[in-house]
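Structure, as structure tokens:
The values are calculated or read from the model by the stated rules, or taken from the named source; none is laboratory data. Remember, it's a predicted structure, so these values are computed and weren't measured experimentally. Every residue, glycine as well, gets a Cβ built from its backbone with ideal geometry; the counts of neighbours run over all protein chains shown.
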Amino acid sequence: MTKRIFLTTAIPYVNDAPHIGHSLEIVQSDALARFYRLNEIDTYFLWGTDENAIKNVESAQKKGVTTQELVDLNTQKFQSLKTLLNLSYDDFIRTSSDKHKRGAQKFWNLCKKDIYKKKYRGLYCTGCEAFYKEGELENNLCPIHNQKLEVVEEENYFFSLSKYQKQLEKLITTDKLKIFPDFRKKEVLNFIKKGLEDISISRPKERTKGWGVEVPEDPSQIMYVWFDALTNYITALDFEHESNLFKKYWTENPNRYHVVGKDIVKFHSIYWPAMLLSAGLPPPTKIFVHGFINVEGKKMSKTLGNIIDPFKLVEKYGVDAVRYYLLKEIPTVDDGDYSDSRMQEIYDSDLANELGNLVSRVTQLAERISLTYSDQTFEFPKDAERGGFTSYIENYQLNLAIEELWKSVKGLNTKINEDQPWKISGTSLDGLLKTYLKGIRNIAFALSPFLPETSKKIVASTQGRIKKAAPLFPKS
Ligand code: MSP
């Protein structure tokens, strides 16, 4: 049986337009999905939007539009990243859709034995859409959004998370649910060991202005946005009808992977697996946790006015230069930095000089002797493989995999400099150029999950009767 992988990405809130942080996550996931497909793994890759948050309601109010209008408008912007960033997701789930809502309600009913009602008072951050304990605050403010919390007192439904403490601990310690990187796994285990408390999973309808998924049989309550949002991973697979898609990629598939940012690890590695266990469904098997992208050393924020717009960036540098920056320049599991000067630097050096020049110099020489190339077999460059190319990707260290690949690019350039093929003629030049072309095409093959458009261009310009390739990364 062919191996199967179901891969998802966190679904962003749509209170605003997408920024480069969202692009980082979806591009990383896209590279993984493309890599799996390249290895002939049957891959289903899902993305979507988290539309039921209270912050969407508040943002719409501020803008003087209805919540539906706001989420429609921003969801469209997220969806247009598909073309902009050349994304290969198979489906896009909107949590305001009836399909999702019905699926989330069915899920709630399956968890009923663990759901009870209780009066609650707590500190709520609308930015995170989560309650905080006093001890978790920094200077009395939300540690993530740096903003004041709201004191909320209400009667809500609760989920018996505490009941799953031991099971979760075992799941994670044994790597049945494997969290990448290892330091995140340790953080999660420490959090669990401190003791899990039950969580509030609904809000009174008035507080959400009626927006969101109604609690089954109690329309006065709306599901807590995280409770409904997490179920998107299965409602998109038609959990509602438990159809073949759901069985194929969830219940009967041993590879259920989520990519998420460091700020939402708790929701994915604790809440979500516990919810699934409660519903009698299998939990995820891998969680890949990435870091944050900052801008010139500072956290991206509206107040600082340093939000990087992916649309403008792609317009200026092209999609693959942006993908390259996100995948190679930002360490996959740690925080990284964006700056225009660094973008320009890697565009000129890694992309135009190293990769671009390699392709143009070899195709130029091949054109000169009217060379024809027909080999259609591909493999990952042997030196990159020896350096750990594949295992880096499997271990969610995409930046290190690309570094290995660039060693092949540089290695081939060095070899050409040493061979000095421009001084050679006849059949030995023919043979030499064919080895370079093979090397370049293998590099293109390994590059395809990361820079799909560039990879395609390289493959197209290195087969048949060869002509000098147009510059892959033109200099402005
Ligand atoms: N809606 C929730 C996720 C629900 S998943 C069932 C949410 N949305 S978000 O819009 O705030 O974030 C979406 C994803 O983008 C998260 O994984 C988050 O970590 C990531 N990022 C948001 N800002 C980021 C950066 N500056 N850098 C990298 N990723 C960032 O959380």
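Taken over the stretch 270-312, the residue count meeting the criterion of being polar (S, T, N, Q) and out of contact with any strand residue (DSSP E or B) (no Cβ under 6 Å at 6 or more places or on another chain) is 3. Name the residue that is surrounded by the fewest Cβ atoms within 10 Å (Cβ to Cβ), counting only residues in the stretch 150-178 that are in contact with a Phe, Trp or Tyr (Cβ under 6 Å, 6 or more places away or on another chain) and at pLDDT below 95. Going through the qualifying residues, I end up with 150. With respect to the conditions (1) away from the ligand (no atom under 14 Å from the Cβ); (2) in a strand (DSSP E or B); (3) crowded, with 23+ Cβ neighbours inside 10 Å; (4) not acidic (Asp, Glu), residue 47 lacks only one, and its number is (1). Filtering the stretch 426-476 down to residues that are touching a strand residue (DSSP E or B) at 6+ places or on another chain (Cβ under 7 Å) and of a type outside the set (D, E, K, R), which residue is surrounded by the fewest Cβ atoms within 10 Å (Cβ to Cβ)? Across the stretch 426-476, the extreme among qualifying residues is 464. Beta carbons closer than 7 Å, at least 6 apart along the sequence or on distinct chains, pair a first residue in the stretch 16-38 that is over 16 Å from residue 49 (Cα atoms) with a second that is assigned to a helix (DSSP H, G or I) and of a type in the set (Val, Ile, Thr) for 35/393.
Criterion applied to 156, 146 was being outside any helix (DSSP H, G or I), out of contact with any helix residue (DSSP H, G or I) (no Cβ under 8 Å at 6 or more places or on another chain) and within 16 Å of the ligand (Cβ to nearest atom), and the one residue passing it is 146. The residues of the stretch 15-28 that are near the ligand (Cβ under 10 Å from one of its atoms) and modelled with pLDDT of 95 or more, listed by number, are 18, 19, 20, 21, 22, 23, 24, 25, 26, 28.
Summed over the stretch 100-131, the residues that are among the basic types (Lys, Arg) and under 18 Å from residue 281 (Cβ atoms) give a count of 4.
No other residue among 56, 39 is over 22 Å from residue 293 (Cα atoms) and within 16 Å of the ligand (Cβ to nearest atom) apart from 56. Would the stretch 52-73 turn up any residue that is on the phi > 0 side of the Ramachandran plot and out of contact with any Cys (no Cβ under 9 Å at 6 or more places or on another chain)? Among the residues of the stretch 52-73, at least one is on the phi > 0 side of the Ramachandran plot and out of contact with any Cys (no Cβ under 9 Å at 6 or more places or on another chain), which makes the answer yes. Across the stretch 324-334, not a single residue is classified as in contact with an Asp or Glu (Cβ under 6 Å, 6 or more places away or on another chain) and part of a helix (DSSP H, G or I).
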